[in-house]
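Worksheet: the structure to be examined is printed underneath.
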Amino acid sequence: MTARIAGRIGTIDRLGAVMASPTLIRLGAELAVEHRVGRRPVHPPYVMLQFAALARLARSAVRVELDLSNAATWTYARSVTIDAIRNHGLDVAPPGAVPPTWEQWRWFRDRTLSTDDGLGVLGREFPPLAVELARSIGQLASNGPGSLTHPDASRTVYGDGTIVRPIYQPPQAVRVHEADGSVTPRYPDPRTGRLLDHPAGRFDPDLAEHHGHLGPVLGHGYVAFHTRGAATYQRVVLGVDHIDAPGQEAACSLRLLADVARHARDGIQLVVYDGAFRGVHIDEVMRRHGYLVISKMPTSDGPDHALQAVRLGNGRMAKSYPLGLANHDTPTGACSHVLATINGRVVELDLDEGGDPVVVATPRRGPIKRSRRSDGRFHFNLGYDVQCPAGDFTVWLSPHGTAGNSARPENLRAVPDDDADSLRLRGLRSDAESFHANLKRTLLVDRAMSLGWRRGLLDIYAFALLNNAITESVAARGGTSTRGIRQGRR
Ligand SMILES: [Zn+2]
C-alpha cells in the first residue's frame, strides 16, 4: 500500500462499517415500528438508519437503492449485519432477504424518522450511545488524564454551528401594512407581479434568516458537538440539533451540551466553542456542568463602558476590564495590587508618571479549583501568582458573574486565548468546521436537497452515524494508525 492511501478507509470498508455498527443497530432498535394491519415491514428500523447513513456516503438515497440491488453487494452487506448482531448479542431481527428500497426508506423517513416523535427518539437516544462509543476509544473517561488546571484533549468536547442553504431559493416577499395595523408578507407572482398570499412554485416553508459572519444567510441552522482522539478516524459525533430561530445558536448549543453532559458527566473537563459563546453562556456551562470553556474573545471595537484604556509595556493601548484590588499582608503592613483583564487574561496595573494606568505585570495562571454548592451548581476559583517585592502571593479570583451581569465571565477567561492550554486545545474546534464542510459536500451542490429543517436534521444525524460507524469499525480493528496517539496529551 502506498503512503498516499495508507491508513485510509475506502468506500467498501465504509459500507461495511455502516452495516456492522452496533451503535447504529441499537439506535434503530429504539425506533418503534408502525405495523400496518396484516403486514410486517420487510426490514427492521435499523436497516432504514443504515440506508440513511449510506445515502450520505453515496450522496444520494436513490443511489443506495441501486447499489444494494446488486445481489452480491446485498449478500455481503446483510451478512456483515448478521455477524454484528450475533457478535454483539443484539436482540433485533436480521435484515430482510431482499435489499431495502428507496420507497421503503421514504415511507419510514416520512412516517417515523422526520416526525417530532422520531427526531425525539434520536435526540434522546443518540447522545448516550455516542458517549459510550467515545469511552470505548478512550475519550471522556471520568478517571482519565488531565485536570481542570490543564484539561486533557481526551476530555474535551468541541462544537460549532452551521447554516445549510436549501436547494430551493426562498420566494421574494414584500411586507404589506394592513388596515388594522398588522404587517403580513405577500409574494409577488414572478410573471405578473400580482401579490399572492402564498408563493408561486416550490419553496421551503421553514426557512429562517440567519445572520452569519457574511451577513444574512437564508437556510437552516444546525449545531453539533464532538470529541476526538489523536489518531485518524477517532472523531465521535456526540449530538446534533436544529437551531430553532435565528440568533439562537448559543442557546441551542447549551441545550445540546446539556444532553451530552447528562451522560458524559465528569468525563468532560473542557468545552471549546467559537465566539458565539459569550460570558453569559460560559458562566452557564461552568455553573451548571462544572466544565471550563475556551471560546474566542470577540474583537469588538464598539463602546464598552466596562472597559478602560490602559497602556501596555510596549506602549500600545488596550482595553481592560477592572477586577479590583488584590490585598496581602506584608511585614511592613497591608499591600494592594490593582488587577484587571486584557483579552481575558489577568494583568496587574499601576499608574505611570502622568497618572495613567499602565500594565506592569502579567500574573502567572495557577491552579483552577472547583467546588459544588448544595444546590448542585458548580463554583470555580482561579489562582494567580502575584509578584511583590514584599513577598509573592496567590490571589483567588471568581470567574462568575453576578445576577444579570456577565461582564466578568466575558472578560476574565479561565483559559484565555493566548494561554498555553488554549493554544494546545483550541485547534480541535476547526475539526467541527471540517465536519460541517464534509457534510455539505455530501449534499448536492452544497445545498440541502431536503425540504424543511426536520429532513435537514435527519441528514445530519445520518452523516453523524456514518462518521461514528467508521470510528467504531476502525477501533474494532485495532485502529489504522497509532501515529500521534500520544501527541497533544498531557
Ligand atoms: Zn504587594
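Taking only segment 329-359 into account, find how many residues are in contact (Cβ under 8 Å) with a residue 24 or more places away in the chain, β-branched (Val, Ile, Thr) and under 25 Å from Met297 (Cβ atoms).
The qualifying residues number 6.
Being in contact with a His (Cβ under 9 Å, 6 or more places away or on another chain) and over 18 Å from Phe463 (Cα atoms) is the filter here, so list the residues in segment 101-139 that pass it.
Hits for segment 101-139 are Gln104, Glu132.
Name the one entry in Pro399, Pro367 that is in contact with a helix residue (DSSP H, G or I) (Cβ under 7 Å, 6 or more places away or on another chain) and surrounded by 13 or more Cβ atoms within 10 Å (Cβ to Cβ).
That would be Pro399, the only listed residue that is in contact with a helix residue (DSSP H, G or I) (Cβ under 7 Å, 6 or more places away or on another chain) and surrounded by 13 or more Cβ atoms within 10 Å (Cβ to Cβ).
Looking for something in a strand (DSSP E or B), touching a Pro at 6+ places or on another chain (Cβ under 7 Å) and within 16 Å of the ligand (Cβ to nearest atom) - is there at least one such residue anywhere in segment 319-338?
no
What about Pro416, is it crowded, with 16+ Cβ neighbours inside 10 Å and away from the ligand (no atom under 16 Å from the Cβ)?
It is true that Pro416 is crowded, with 16+ Cβ neighbours inside 10 Å and away from the ligand (no atom under 16 Å from the Cβ).
I need a count of the residues in segment 388-416 that are over 16 Å from Ala340 (Cβ atoms) and either out of contact with any strand residue (DSSP E or B) (no Cβ under 8 Å at 6 or more places or on another chain) or among the polar types (S, T, N, Q) (or both).
So the count comes out to 8.
Cβ-Cβ under 7 Å, sequence separation 6+ or interchain: first residue in segment 77-89 and in the same structural domain as Leu49 (by TED's automatic domain parsing) and within 14 Å of Leu24 (Cβ to Cβ), partner hydrophobic (A, V, I, L, M, F, W, C) and not in a helix (DSSP H, G or I). Which pairs?
The qualifying pairs are Ile85/Val92.
Scan segment 362-385 for residues that are within 25 Å of the chain's Cα centre (by Cα) and outside any loop (DSSP other than H, G, I, E, B) and report the count.
Residues flagged as within 25 Å of the chain's Cα centre (by Cα) and outside any loop (DSSP other than H, G, I, E, B) within segment 362-385 amount to 5.
Inspect segment 354-377 for any residue being charged (D, E, K, R), more than 12 Å from the ligand (Cβ to nearest atom) and within 19 Å of Gln308 (Cα to Cα) and give the result as yes or no.
Yes: segment 354-377 contains one or more residues that are charged (D, E, K, R), more than 12 Å from the ligand (Cβ to nearest atom) and within 19 Å of Gln308 (Cα to Cα).
Please verify whether segment 424-442 includes one or more residues that are touching a residue at least 40 places away in the same chain (Cβ under 8 Å), more than 16 Å from the ligand (Cβ to nearest atom) and either assigned to a loop (DSSP other than H, G, I, E, B) or within 23 Å of Ala326 (Cβ to Cβ) (or both).
Checked against the condition, which is being touching a residue at least 40 places away in the same chain (Cβ under 8 Å), more than 16 Å from the ligand (Cβ to nearest atom) and either assigned to a loop (DSSP other than H, G, I, E, B) or within 23 Å of Ala326 (Cβ to Cβ) (or both), segment 424-442 yields no hits at all.
Are any residues in segment 119-169 of a type in the set (A, V, I, L, M, F, W, C) and not in a helix (DSSP H, G or I), and if so, which ones?
Correct list: Ile137, Leu140, Ala141, Leu148, Val157, Ile163, Val164, Ile167.
Say whether the condition of being among the charged types (D, E, K, R), modelled with pLDDT under 75, in contact with a strand residue (DSSP E or B) (Cβ under 8 Å, 6 or more places away or on another chain) and assigned by TED's automatic domain parsing to the domain that holds Pro45 is met by at least one residue in segment 447-464.
Yes, the conditions are met somewhere in segment 447-464.
The values are calculated or read from the model by the stated rules, or taken from the named source; none is laboratory data. All values reported here derive from a predicted model rather than from experimental measurement. Positions of Cβ are generated from backbone atoms using ideal geometry, with glycine treated the same way; all protein chains shown enter the neighbour counts.
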